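Trainee: Got a structure for you, questions after.
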Amino acid sequence: MKKLLSTALAAVMATGSIVSANAAVVRENKSVQVLDSGVKLENNTLNVFTYNLSKNTLGGVCFYGKNTGKPYAVQYKDCIGKNTVISMPSSESYTRFVSANGGSSGNTYAGYSFANTGGEYAKLKVKLSDVSSYFNSDGSYTDTDGNGATYTLRENGSNLTFFSGGAVNGVAPDENGCVEIYIKAKPGVKTAFSTFLPNYSGIISMYVPMLCFGNIDLKGSTNVNDVTLLQRYLAGDAEFDKLQMFYSDINRNGKTNVKDVTDLQQAITK
């Protein structure tokens, strides 16, 4: 196998790129679809996007400067149909809170920075129940540890927010239990969600492995297992779906080749 792998990678270096035998028919990932409307964001900016929220929504997000205590707050109702951009001083680190209907939750000990959050962001359509056991098939949540109530996460007292780099996505599940969010197209940048519920409980932050660029095997985190899988793909020993093809184009040049292996190795050793 080692000899076969070395031979295949040598061929990749000679041709510049390689595709699997059935690359003409790359299947969709049933849980996460890559949409065409990506964006580029700047360093030291907070960028708020929304999906499937009404003008009456009471949800929002607020970052507090840990040095000054200054709040940087956005209400999601002001971001319907457009994204909102706020400059975030690079001299600060920030705590983060989500809010709805007069209540909020967050972590006062966290120290978020926007100094290196610029770059390319991809827009994904996500089936919530497929990427986290927190959600029901319709995108709702059942409070099994509390009063047993089920929340649609579309109520005015609810807040569902996804975070990735400098992108904040205030969302509500659509009729198919899906949301659309932006994630940073850089290896290892984690995507997490927070919730705030009408009973004033919720999740402060939960990481979603399937929504991490470079996490080619769609498990855990971006690591050497993803490098190995990418090498196997280039050797013709593995097949990728469209999400994995996107995650494996590490340098974002539209090709998946040995240069992406090198770039991914460098990214996970930083």
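Trainee: Under a Cβ-Cβ cut-off of 12 Å, what is the net charge of the residues other than residue 152 that fall near it, where Lys and Arg count +1 and Asp and Glu count -1? Numbers along the way, then the final one.
Mentor: Values: positive: 154; negative: 138, 155, 174, 175.
My count for the surroundings of residue 152 gives -3.
Trainee: Could you work out [θ]222 nm for the chain from helices alone, using -39500 (n - 2.57) per DSSP H run of at least four and dividing by all its residues? Round to the nearest 500 deg cm²/dmol.
Mentor: -5000 deg cm²/dmol
Trainee: Under the definition of Cα pairs under 8 Å and six or more residues apart, what whole-number percent is the relative contact order of the chain?
Mentor: 21 percent
Trainee: Compute the angle between helix 224-234 and the longest alpha-carbon principal axis of the chain, please, reported from 0 to 90 degrees and rounded to the nearest 10.
Mentor: Its long axis makes an angle of about 50 degrees.
Trainee: Something else: Just to be sure I understand the curve: with the Debye formula and one point per C-alpha of the range 21-145, what is log10 I(q)/I(0) at q = 0.09, 0.19 Å⁻¹?
Mentor: -0.36, -1.29
Trainee: Restricting attention to the range 33-124, which trypsin sites (Lys or Arg not before Pro) occupy a DSSP loop and are surrounded by at most 13 other Cβ atoms within 10 Å? Walk me through the intermediate numbers first.
Mentor: Details: sites: 40, 55, 66, 77, 82, 96, 123; in loops: 55, 66, 82.
In loop regions of the range 33-124 (DSSP not H, G, I, E or B), the sparsely surrounded trypsin sites (Lys or Arg not before Pro) are 55, 82.
Trainee: Next question. Based on the Cβ-Cβ distance of residue 70 and residue 40, what FRET efficiency does E = 1/(1 + (r/R0)^6) give at R0 = 22 Å, to the nearest 0.05?
Mentor: Working: r = 27 Å, r/R0 = 1.21.
Here the calculated transfer efficiency is 0.25.
Trainee: For the range 148-229, state which GluC sites (Glu not before Pro) are in a DSSP loop and have at most 10 other beta carbons lying within 10 Å of their beta carbon.
Mentor: 175
Trainee: Separate question: Compare the Cα positions of 177, 144, 117 along the charge dipole of the range 97-200 (+1 at Cβ of Lys, Arg; -1 at Cβ of Asp, Glu; about the Cα centre) and return the one farthest towards the positive end.
Mentor: Checking the options against the dipole of the range 97-200, the answer is 117.
Trainee: Which residues make up the longest stretch of the chain that has no chymotrypsin sites (Phe, Trp or Tyr not before Pro) in a DSSP loop with at most 16 other Cβ atoms within 10 Å?
Mentor: In the chain, the maximal stretch lacking such sites is 1-133.
Trainee: Which whole number of Å³ per residue matches the convex hull of the alpha-carbon atoms in the chain? Display every interim value, and only then the final one.
Mentor: Values: hull volume 37.0 nm³, N = 270.
Convex hull of Cα atoms, per residue: 137 Å³.
Trainee: What span do the alpha-carbon atoms of the range 166-224 cover on each of the three principal axes, reported in whole Å from largest to smallest?
Mentor: For the range 166-224, the Cα extents along the three principal axes come out at 42, 23, 22 Å.
Values quoted throughout were computed directly from the atomic coordinates according to the rules given, and no laboratory measurement underlies them. Everything numeric here is computed off the predicted structure, so don't read it as measured data. Ideal geometry is used to build each Cβ from the backbone, glycine not excepted, and the neighbour counts take in all protein chains shown.
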